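For reference, the structure is listed below as structure tokens.
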Amino acid sequence: MNLIRIMNYQILKAISFWCFLFRDAGADFVAVSNIEPVLGRGYSTGSGVQYGTCIKPQSFTTPAIDYSYFFTEISNAQSVEEGLSGKISETLSLTYLIEQISEDRAGGNDLQHVVALLMFEHDGISFTEENLTLQPDAKALLESFNSAPSASYNEGLIAFFSMCGPGYIRSIKKVAELAILFAYPTKNGMSSADYNNAIITDTESAVSLVAGSPIDDGQPLMLTDMWDYGMWMGIRLRAIGLTPATWNSGFMLKMTQDGLVGTMRHAFESMRQPGAGVAVGIEVVPWTSEGLFNNEVNHFDMLLLDRYYLLANAEFLSTINDVMDKKLKLVSMAGSCLIEASRISGTKQAKLVRNWKNHHVPTDGSYGCRSSIGALDEVDLTYISAQRLLHLLSPTTYETTDPSMWITNYYSNCIKELATCDSSVYKNQKFIKNLWSDIGACDITSCLNVDSVWASSGCTISAANTGLALARRLVESYCPLTLTNLSCIDPN
């Protein structure tokens, strides 16, 4: 949840008219990762939540494709980060390359590295604007808003934004990559510069085969010279967003030059396909800028400032719903984790539980982690035994994670006030004519923190590693519970 964004609505309220007047009336382009967006699906730029598909496109556009192919040399005289600066630092393969080269250096290997990267960018994956329609369920909600008695004017809009989000995805940008990491020692009488140049020259020759018309797989292949020097050559690949190609030469199963060229040919063909790539950005159109939506509500005489209020209230609705969803999810996961920890702690109490967020847990057993009962230790947030996890979760798990007081005293009251008609507001349109931060039941920003707890007349936020924040950190790190082969060495 982006609390700063929500706070900005309050800070900028005095100049909201001018901000809205000069903002781009079209869509916002949002960088995304680890999601599979769908054209026409609802989306909140504030909370990053995806919603249902409420718009029905009839035809789709042909995306543009940008192709990049370049080399990067990383010498021993450079740090890994310095060697991977520039254009390659903007690629999806960066983290993988840093990890691989860093591991080579940590192992004491005197290796030079060259990276070859093939990348396709698919821009403008979208649909045409002609003959767009709303999905029947979404249209029905707006029709209920238009035809409802005054007591329900705002409920139809709240239901629409809860189902469809503040905006919808109009276009998607995807990227597909093949990163090839060459590693070789600096010895055998051949200079690093000569070796680098030879790799680049021969790989470019291979690309000339790859980028041309389909070639008989039996044709003699390039990249033969360097293997003839008798020098050790390591090749590692990282392929992202590839799809089955029209013809398939297969991936490199052996560290040979012909295997590499076959892989590059397959990747080049695969990355050009319409379904290739992983999403890296989306274009989001606010419903308040969409003609289909405005045609349904325009007879309510919405002014320009009203549309700003409506968009801000829709984003706020997405945020508060997202906080509630995360609170309810924590209750479910904590309860399941507690039951599982209780079941296994009797016989396997010293066994370490896998930490899903920390992949660098020591494996030699020469570390101390308490299996005995005691207060929270910082080590518990890195690795923990089954018994310790049960101990830290069990005392007040259900009471700590229970969101019922937050829902009753904040969420329900806020939604009720947003939906309530106000006779002092034009046509009772409180959701359109009032900003959420002007509504007392909603303007308690501390309650918009996922680790907030209702207390008396407001919310308090759990300090790090205490209360709700601790329960969330333990659950997100160790649940669902999976034991490792390691045991805890208790220093006590």
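The values are calculated or read from the model by the stated rules, or taken from the named source; none is laboratory data. All of these numbers come straight from a predicted model, not from anything done at the bench. Every residue, glycine among them, receives a Cβ derived from its backbone with ideal geometry; neighbour counts consider all protein chains shown. When the accessible area is computed, the model is the full protein with side chains, heavy atoms only, and any ligands, DNA or RNA have been set aside. Shrake-Rupley method; radii C 1.70, N 1.55, O 1.52, S 1.80 Å.
Numbers at a glance
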quantity: Accessible heavy-atom area order of Cys459, Cys414, highest first, probe of 1.4 Å; calculated: Cys459, Cys414
quantity: Backbone HN-Hα couplings from phi across segment 344-353 [Karplus 6.51/-1.76/1.60, Hz, Gly and Pro as x]; calculated: 9, 5, x, 9, 10, 5, 8, 5, 6, 8
quantity: Calculated from backbone phi, Karplus (6.51, -1.76, 1.60) coupling profile of segment 317-333 in Hz, x at Gly/Pro; calculated: 4, 5, 5, 5, 5, 5, 4, 5, 4, 5, 5, 5, 5, 4, 4, 5, 5
quantity: Karplus-derived 3J(HN,Hα), 6.51/-1.76/1.60, for each residue of segment 65-81, Hz, glycine and proline x; calculated: 10, 10, 10, 10, 8, 7, 10, 9, 9, 10, 8, 5, 6, 9, 6, 4, 5
quantity: Exposure of Cys337 as accessible area (Å², to 10), given a probe of 1.4 Å and all protein chains; calculated: 10 Å²
quantity: Compactness of segment 50-142, expressed as Rg and Dmax over alpha-carbon positions, Å; calculated: 22.4, 68
quantity: For Phe127, residues with placed amide H under 5 Å, excluding near neighbours; calculated: Thr61
quantity: Computed label-point distance, nm, for sites Met405 and Asn76 using a 7 Å Cα→Cβ extension; calculated: 6.3 nm
quantity: Qualifying chymotrypsin sites (Phe, Trp or Tyr not before Pro) for segment 270-356 [loop in DSSP, other Cβ within 10 Å: at most 16]; calculated: Trp356
